[in-house]
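The values are calculated or read from the model by the stated rules, or taken from the named source; none is laboratory data. Everything numeric here is computed off the predicted structure, so don't read it as measured data. A quick note on method: Cβ atoms are made from the backbone with ideal geometry, for glycine too, and the neighbour counts reach across all protein chains shown.
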Protein chains: 2
Amino acid sequence: MKTYKEMSREELLACKAELDEQYKEAQGKGLNLNMSRGKPEAGQLDMGMGLLDTLHGICDMTSEDGTDCRNYGELTGIMEARKLMADIMGVGDPSRVFVFGNGSLSIMYDAVCRSVTHGVMGHTPWCRLDKVKFLCPVPGYDRHFAITEHFGIEMVNIPMTPTGPDMDLVEKYVSEDASVKGIWCVPQYSNPQGISYSDETVRRFAALRPAAEDFRIYWDNAYAVHHLYDDDQDKILDILSECEKAGHPDMVYVFGSTSKISMAGAGIAAMAASKANLECIEKSMAIRTICYDKVNQLRHARYFKDLDGVKEHMKKHAAILRPKFETVLKILEEELGGLEIGSWIKPKGGYFISFESLEGCAKSIVSKCKQAGMTLTNAGATYPYGKDPKDSNIRIAPSFPTTEEMAEAARLFTLCVKLASVEKLLEQ
Amino acid sequence: MKTYKEMSREELLACKAELDEQYKEAQGKGLNLNMSRGKPEAGQLDMGMGLLDTLHGICDMTSEDGTDCRNYGELTGIMEARKLMADIMGVGDPSRVFVFGNGSLSIMYDAVCRSVTHGVMGHTPWCRLDKVKFLCPVPGYDRHFAITEHFGIEMVNIPMTPTGPDMDLVEKYVSEDASVKGIWCVPQYSNPQGISYSDETVRRFAALRPAAEDFRIYWDNAYAVHHLYDDDQDKILDILSECEKAGHPDMVYVFGSTSKISMAGAGIAAMAASKANLECIEKSMAIRTICYDKVNQLRHARYFKDLDGVKEHMKKHAAILRPKFETVLKILEEELGGLEIGSWIKPKGGYFISFESLEGCAKSIVSKCKQAGMTLTNAGATYPYGKDPKDSNIRIAPSFPTTEEMAEAARLFTLCVKLASVEKLLEQ
């Protein structure tokens, strides 16, 4: 079989004619598929319904340490929830964990916002600085980038490698530029590539010597227990301990949540950090709220009991997600294998498959999919400011549609990839 | 009976000797009472336990408009929760209500914070202004003042009257000073005095002509359905409609929550505002979070059903709170009536009794109570910066202790009032 690049103009034109036919046919099907967000399907949520039965009837609403979870108090969360979140996030010490409300994104937003208005642990508030920069491993999570953009923080692209962000570049920026105040990381099963940071990468993070004392690593360990396979799982090092060992205990904020463990809208979320960081955050948070929802914290702690409970639960999620991922990967391979018009990584966990098209094709592919009834994450969304310099990255989110829909979607996707690629090659 | 002020020095000294004896005796009791915060007692929380049974078993988790409440989505809240909160907050139109997480304080914090970092509806962010001021009706709610202090906003005391804040002063400041960007209000059963704003006061608020276009009334309707009596209830006008009628639809943010209706730590909270305000807030909130906890929203909507359900529930709260309030008021009258060393207002709802001592006595009273085992809200807490210029206001929170404890506490309190007053008069 010839790759597309090896085809003559005539061959490409013939190929295009055939693809146009197939595309017209696909458009005729009146599809309505959405693969734009990493949203659990209803079956995953059904599995967590027991959560809502946990605090049923006249049950004891007292936490281990005697707190009435229904009342005000315990700003940092009840200890059993702090333990559970520490385990999930791979953090050794539950006293370093602050449990918040139902989403980790707002914890990250608040962390950045607090730094803007009040500064980090006594340092100058960022709103008084001329320039604040964040490093952004790319492709990455659009909602991270939206937060930093919202606060006028300049974002610097850092290419991802198979073992994590390009650490030579990270080290250079962090050690030389005092306006670099943070880096967004999804260290395990990264969004969208599914890459897990190697031990060396984590250790190099912990060994960073920032020019800015208020530099923090924003370590969003969103997919810490979100494995697709029982026997082939990634496990990253505990960055909090590594930073402590390296003599930089304050350099990292770790984030996590149960949004994709229990319920997407009704989970609990947490942040882990050094004692000094937590004290500073607690002081500020005490102005913002009296406490977070401890009833939901208790519900989660009693339902999952411990990390083993979480792991068992996550196997059920994997059973639902695995066939969807495998369906997409199988069809990508069947339809695009050997054509050299795209590449992808087979993830072992997380919520996404990242697709690299030929340069300059991503927007066209997403648009063609849209016109045939399938919504993908906007092309460019995986880059700061929505600008993918090569216009080549597309994030595929297989969780929400059924496996059957996913198969249909993947076939349509590969068709659009082929068509956009042929058109691109014909332009040249 | 002579008032304290009518007593001769000898009479005061004799009185003091007797009070010293009583105080020593009280100290010997080893009391441990806390009346510092407006915290529900366990019995009130027990009454809401049915809430946790509402979503039991394999129940339908779909909202009226077809949203799966367990999943991501519906940033502004599900419609049944918006309706419920509109009813509770006395706001006519549920489409003007945005339902958030478990506390209204954080909504207010975020509203101020957003104004600081991004400005109000396109106006200059407050962080770029030399001076921002808030009007603070006093005595008032310490956590309101803490938010504005946190952001370096200058607070201006506005005296309360029996019908609400001194509106002559409010009108003068708001219309003449463009640096005045807000005013904190608890319009019904105010914290701590239990005063409800008269219709005229509400209409004068709605008719304000602010010098600053980004001036907003921060209308914390925290005790909207928190009546102590069935037959003698206050009802304030709907400020949102009044502002609309007066041609200033954007001038007010209304806040409310079920914290003291369902569960103090696990309720739902909401904000009501004009369409233009809500659009601006939603845009910003979409960066901060994907959605709030809709499962808890659904739980509340299904448990309370409607305003009648809430009213029935609040009667049970009143049955618990009323005897505590009446006990305190009875003892205040018995012990202090006619002595002219203090005054108080009999509230018809809310969570507090406000006590006015002789000038310069509040700190001394609170300290004496503390040394006898009873914690009150810090003297001064009801004023911005913790500075009560007359050192005379003390907030009493009768909800948490039992009625028996409350009786003991009230007796100790009146003893300390007498002692501090005698000491003060002897100084002169």
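Please specify each residue of the stretch B:27-71 satisfying the condition of being assigned to a helix (DSSP H, G or I), in contact with a helix residue (DSSP H, G or I) (Cβ under 8 Å, 6 or more places away or on another chain) and under 23 Å from B:Phe325 (Cβ atoms). Matches in the stretch B:27-71: B:Gly43, B:Gln44. A single member of B:Gly38, B:Gly43 is among the small types (Gly, Ala, Ser) and either in contact with an Asp or Glu (Cβ under 6 Å, 6 or more places away or on another chain) or within 11 Å of chain A (Cβ to nearest Cβ) (or both), and it is B:Gly38. Any residue that is in contact with a strand residue (DSSP E or B) (Cβ under 9 Å, 6 or more places away or on another chain), crowded, with 24+ Cβ neighbours inside 10 Å and closer than 21 Å to A:Tyr351 by Cα - is there at least one of those in the stretch A:173-181? There is no residue in the stretch A:173-181 that is in contact with a strand residue (DSSP E or B) (Cβ under 9 Å, 6 or more places away or on another chain), crowded, with 24+ Cβ neighbours inside 10 Å and closer than 21 Å to A:Tyr351 by Cα. Only one of the numbered conditions (1) surrounded by fewer than 19 Cβ atoms within 10 Å (Cβ to Cβ); (2) at pLDDT below 95; (3) in contact with a strand residue (DSSP E or B) (Cβ under 9 Å, 6 or more places away or on another chain) is violated by B:Thr62, and that is (2).
With the condition being more than 30 Å from B:Tyr303 (Cα to Cα) and away from chain A (no Cβ under 14 Å), I'd like the helices (runs of 4 or more DSSP H) fully within the stretch B:72-157 carrying at least 3 qualifying residues. Spell out how you get there, then give the answer.
Working: elements: B:79-89, B:104-118, B:142-150.
Per the criteria, no element qualifies.
Contact map, the stretch A:229-251: first residue touching a residue at least 40 places away in the same chain (Cβ under 8 Å) and closer than 15 Å to A:Asp214 by Cα, second residue surrounded by 19 or more Cβ atoms within 10 Å (Cβ to Cβ) and hydroxyl-bearing (Ser, Thr, Tyr), Cβ cut-off under 7 Å, separation 6 or more or different chains; pairs are A:Asp250/A:Ser274.
Using the structure shown, decide if B:Ala178 is closer than 29 Å to A:Thr124 by Cβ, outside any helix (DSSP H, G or I) and modelled with pLDDT of 95 or more. Spell out the reasoning first.
Working: closer than 29 Å to A:Thr124 by Cβ: yes; outside any helix (DSSP H, G or I): yes; modelled with pLDDT of 95 or more: yes.
Considered against the rule, which asks whether it is closer than 29 Å to A:Thr124 by Cβ, outside any helix (DSSP H, G or I) and modelled with pLDDT of 95 or more, B:Ala178 comes out as yes.
One residue alone among A:Glu408, A:Glu404, A:Glu423 is over 22 Å from the mean Cα position of the chain (by Cα) and free of Cβ contacts under 8 Å to residues at least 40 places away in the same chain, and that residue is A:Glu404. Which of the residues spanning the stretch B:143-155 are out of contact with any Phe, Trp or Tyr (no Cβ under 6 Å at 6 or more places or on another chain) and either modelled with pLDDT under 95 or surrounded by 21 or more Cβ atoms within 10 Å (Cβ to Cβ) (or both)? The one that is out of contact with any Phe, Trp or Tyr (no Cβ under 6 Å at 6 or more places or on another chain) and either modelled with pLDDT under 95 or surrounded by 21 or more Cβ atoms within 10 Å (Cβ to Cβ) (or both): B:Phe145.
Take A:Arg322 and decide whether it is crowded, with 22+ Cβ neighbours inside 10 Å and either touching a residue at least 40 places away in the same chain (Cβ under 8 Å) or closer than 27 Å to A:Gly164 by Cα (or both). It would help to see each step written out before you state the result.
On the way: crowded, with 22+ Cβ neighbours inside 10 Å: no; either touching a residue at least 40 places away in the same chain (Cβ under 8 Å) or closer than 27 Å to A:Gly164 by Cα (or both): yes.
Taking the combined requirement at face value, the residue does not satisfy it.
Please tell me if A:Arg82 is within 24 Å of A:His227 (Cβ to Cβ), touching a helix residue (DSSP H, G or I) at 6+ places or on another chain (Cβ under 9 Å) and in contact (Cβ under 8 Å) with a residue 12 or more places away in the chain. Yes; evaluated as a whole, the condition is true for this residue. For residues that are of a type outside the set (D, E, K, R) and outside any helix (DSSP H, G or I), scanning just the stretch B:1-26, find the one that is surrounded by the fewest Cβ atoms within 10 Å (Cβ to Cβ). Step by step, filter the stretch B:1-26, then rank; the result is B:Met1. Could you list, ordered by first residue, the pairs with Cβ atoms under 7 Å in which the first is in the stretch A:50-70 and within 7 Å of chain B (Cβ to nearest Cβ) and the second is acidic (Asp, Glu) and surrounded by 13 or more Cβ atoms within 10 Å (Cβ to Cβ), at least 6 apart or interchain? From the stretch A:50-70, the pairs are A:His56/B:Asp53; A:Gly57/B:Asp53. All of B:Cys361, B:Cys416 fail the test of being in contact with a Gly (Cβ under 9 Å, 6 or more places away or on another chain) and surrounded by 20 or more Cβ atoms within 10 Å (Cβ to Cβ), apart from B:Cys361.
Listed by first and then second residue, the pairs linking a residue in the stretch B:202-215 that is surrounded by fewer than 17 Cβ atoms within 10 Å (Cβ to Cβ) to a residue that is of a type in the set (S, T, N, Q), with Cβ atoms under 8 Å apart and 6 or more places separating them unless they lie on different chains, are B:Arg209/B:Ser175; B:Ala211/B:Ser175. Against the numbered list (1) outside the structural domain of A:Pro398 (by TED's automatic domain parsing); (2) at pLDDT 95 or above; (3) out of contact with any Phe, Trp or Tyr (no Cβ under 7 Å at 6 or more places or on another chain), A:Cys15 comes up short only at (1). Of all residues in the stretch B:331-389, those that are within 15 Å of B:Ser190 (Cα to Cα), among the polar types (S, T, N, Q) and in a strand (DSSP E or B) total 1.
Could you tell me how many of the residues in the stretch A:176-201 are touching a Cys at 6+ places or on another chain (Cβ under 9 Å) and either free of Cβ contacts under 8 Å to residues at least 12 places away in the same chain or among the hydroxyl-bearing types (Ser, Thr, Tyr) (or both)? Walk me through how you get there before you give the answer.
Just the residues of the stretch A:176-201 that are touching a Cys at 6+ places or on another chain (Cβ under 9 Å), to begin with: A:183-184, A:197.
Keeping just the survivors that are either free of Cβ contacts under 8 Å to residues at least 12 places away in the same chain or among the hydroxyl-bearing types (Ser, Thr, Tyr) (or both) gives A:197.
The qualifying residues number 1.
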